[in-house]
Every structure is written in structure tokens, then in C-alpha cells.
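See structure below.
The values are calculated or read from the model by the stated rules, or taken from the named source; none is laboratory data. The shown structure was predicted, so the numbers you read here are calculated from the model rather than taken from an experiment. All Cβ positions, even for glycine, are placed from backbone atoms using ideal geometry, and neighbour counts span all protein chains on display. When the accessible area is computed, the model is the full protein with side chains, heavy atoms only, and any ligands, DNA or RNA have been set aside. Shrake-Rupley method; radii C 1.70, N 1.55, O 1.52, S 1.80 Å.
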Amino acid sequence: MASEFQSRREEEQAMKAAGRMPPGQSLTQKFPVLHYGPVPKFDPATWDLRVFGAVQQEMRWTWDEFQALPTVTVTADIHCVTGWSKFDTTWEGVRFRDFIELFGLTPEARFVIAHAEYGFTTNLPLEVMLEDNVLLAYKYNGAYLEPEHGFPLRLVVPQRYFWKSAKWVRKLEFSPVDKPGFWEQAGYHNEGDPWKEQRHQHRSFF
Ligand SMILES: Nc1nc2c(c(=O)[nH]1)N[C@H]1C(S)=C(S)[C@@H](COP(=O)(O)O)O[C@H]1N2
Ligand SMILES: [Mo]
């Protein structure tokens, strides 16, 4: 996408001045690829998305069914715990808040656990997931996601460090209790708010 900025330095200064750069971050104009393990193969004939746990009705969508759901386009800034931020990224997908209307939650639902291919998980409070700009996304800048960026489907949760935006999502669990995910169990912060610089867990051993 064409940038209004002449240089990386200029864009970085502008984002800092606008209060859009969280503490300890710096700008990237590339789109880094970051994940643990291999990029899964996608088979449209067998792929599905499931919801379970504290839901009124457990449900499953095939790739065709999921693509038939209404989508929205969201532009947001993303922040990786390793220090890069990328501004004005544009995603298209199903808004999470609209998505849950399709099956309904039970009153016990307080946390969302995203389950991705190969057992990757990440946990988020339900109230964070209900914000306007949280998507189950399959397009980036108007084109289907690249496999390494999460095709066919990923979470986009801009208000948390980007590790919580699970790529290759297959199941969404609604839980009364929190269940720290893959990176959270590995020592990353449970909340991961970039504005509070919640990068790592500070455990106190007694
Ligand atoms: N399934 C899965 N999703 C994942 C990860 C992972 O290891 N596995 N890494 C996360 C991390 S640490 C980041 S920064 C973003 C990177 O997304 P990108 O590769 O599209 O930039 O994906 C997140 N989603
Ligand atoms: Mo990350």
C-alpha cells in the first residue's frame, strides 16, 4: 500500500507524536512473520470452525459456510511483543461480537480460548473480544491472507500484543475460567496490553 510518509523515520515520528506508539515499540513498514512451528496446509474440503463450551448451541462452519457470513473491514495498529508496531493495517472478516450472536453464550462465559492448528492456544477476556475491532479475519489489504499470516482464518485483536491474534484458528472455546495459552504458559503476560507494556509474567516465588 502506498504510504503518505517519505521515510520510516518520518512515519515513526508521526505515530509517536499522535500517541499511537506504545512504550518500548518501534515502527516496521514490513509485515514480519512470527509463529512457533510449521505453517499448516489448508484443505477447503475438511476445514471447519467450531465453537464450544459456555454456548447456547455448539456449532460448526465449513469454509464455504464461514465465507457466506457478513464481514466488516477494520483498520488498526498492531503491536508485537518483540518490539515492532505496524500502523493502519486493514483486515476483513467476521466481527467477533456479531459472530457470537449466531450461537449465543451462556451467562457463565467469561473467557475466550482460541484453539489453532497444532494445538496452539491463546486466552482473552470476553470483554476484550467484544470490542468493535475484533475480527475473525481472512483478508488483509483486500486479498486472502498469505498462508504464513494465518490463512484461512486468524484472530485480529488489536488492543493486545499480536501473539493473542492466533493464526490458523479452528476452535473457539467459551469458558467460565481463564486458561493461559501457549505463549502465556511460556512466560508471556496473561493480559498482554501493549499500552501497559505487559510483555512478560512477573511471577513471585515464595
Ligand atoms: N497459531 C499461531 N498463531 C500465532 C502465533 C503462533 O505461534 N501460532 N504467533 C503469534 C505472534 S507472536 C505474532 S507477533 C503474530 C504474528 O502474525 P504475523 O506473522 O501475521 O505477523 O501471530 C501470532 N499468532
Ligand atoms: Mo509476537
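Quick notes
- Each Lys and Arg contributes +1 and each Asp and Glu -1, all at the Cβ; summed about the Cα centre of the chain, the dipole is approximately 500 debye.
- Each label was represented as a point 7 Å from its Cα along the Cα-to-Cβ direction; for LYS41 and LYS179 these points are 2.8 nm apart.
- Helix 8-17 and the longest principal axis of the Cα set of the chain meet at an angle near 80°.
- When each of the peptides 173-183, 34-44 is scored by the mean number of other C-beta atoms lying within 10 Å of its residues, the order from highest to lowest reads 173-183, 34-44.
- Applying a DSSP loop filter and a limit of 16 other Cβ atoms within 10 Å to the trypsin sites (Lys or Arg not before Pro) in the range 86-126 leaves ARG110.
- Cross-link table LYS86/LYS167; LYS86/LYS171; LYS139/LYS164; LYS139/LYS167; LYS30/LYS171, entries beyond 21 Å C-alpha to C-alpha: LYS86/LYS171; LYS30/LYS171
- Counting only DSSP H runs of at least 4 residues, each contributing -39500 (n - 2.57), and dividing by the residue count of the chain, the helix-based mean residue ellipticity at 222 nm comes to -2500 deg cm²/dmol.
- Accessible area expressed per residue, the chain, with surrounding protein chains retained (probe 1.4 Å, Å²): 51 Å²
- The range 1-146: C-alpha gyration tensor shape, a/c 1.5 cut-off, then a/b vs b/c: prolate
- Residues considered: GLU12, GLU117, GLU65. Largest GNM mean-square fluctuation over the chain, using C-alpha springs under 10 Å, is found at GLU65.
- The chain, accessible surface, carbon-and-sulfur percent (1.4 angstrom probe): 51 percent
- Alpha-carbon centroids, the range 19-52 and the range 122-184: separation in whole Å: 8 Å
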